[in-house]
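Colleague: Dumping the structure here so I can ask a few things about it.
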């Protein structure tokens, strides 16, 4: 009887311990399946391969099931796989494939120098990928060189006479045109590949940087406002198919709104120098552009344009009131 009682006590203790362990395990929260490490290299590469041909010039980059940029998330997952499964991958059979996948993701993230290195590693480790990897590496090198073409710094004019002797805008324009020529050559070389979209995005960035440069230096140039507006209008015209088109319109609208405010500061509405017709032209140009962006559904710029339009119209009405109220 004592033996049976002792066995029963031990069984009860074991059952209690099991219950405690089970309770402890149950209390530990499970990792959300979306954020668990990838099971295999192929799982990551399949998602990446699906989105390599995407037209990211016209449409925003795709997002994976976690909501992240698919190129950034694929790069992170490949790097995590290399760390977590280092022992399984130490034979090196997948090194070339992984490097090639990382290069495809890096070039979409504008890390062209790193992408070129990864492509060359892929060419060394995987013979079947060598031709495409070396071609892509050369293109990434050229893209990096185009990005490294710096624009001359802008000197500050101290006197009005200095405005006629500023060489920087001419030098900067030459640099932008040189970069544009390099990118146009690359667009021909990349024709027919997914990288043609990447080159097109770089051409757009160059045009935007050029326009923003002239916006920054407009106060140093004769007819600087006219030149800045012309440069932004050039971007709007050349990149009407871009996913950033609403942003380009907003940049132009913001410039007109800024010029309107500067006009009021320079010529107070109560003064005789104030020209209502000229001010109205500026207001109409800005308001029309804000309305165009505010009418575009499905963009974050829609909200920004709506708020800016309200604030700008309030400003314009206050100026009209000061000008025309006796």
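Colleague: Within the range 69-110, which residues are part of a loop (DSSP other than H, G, I, E, B) and either surrounded by fewer than 16 Cβ atoms within 10 Å (Cβ to Cβ) or in contact (Cβ under 8 Å) with a residue 24 or more places away in the chain (or both)?
Modeller: 90, 91, 92, 93, 94, 109, 110, listed by residue number.
Colleague: Could you check residue 240 against (1) crowded, with 20+ Cβ neighbours inside 10 Å; (2) over 23 Å from residue 139 (Cβ atoms); (3) modelled with pLDDT of 95 or more; (4) within 19 Å of the chain's Cα centre (by Cα) and say which number it fails?
Modeller: Condition (1) is where residue 240 drops out.
Colleague: Now for a separate question. Report yes if some residue within the range 26-45 is closer than 23 Å to residue 128 by Cβ and modelled with pLDDT of 85 or more; otherwise report no.
Modeller: Scanning the range 26-45, I find at least one residue that is closer than 23 Å to residue 128 by Cβ and modelled with pLDDT of 85 or more, so the answer is yes.
The values are calculated or read from the model by the stated rules, or taken from the named source; none is laboratory data. Just so you know, these numbers come straight off a predicted model, no measurement behind them. Using ideal geometry, Cβ is built from the backbone for each residue, glycine included, and neighbour counts are taken over all protein chains shown.
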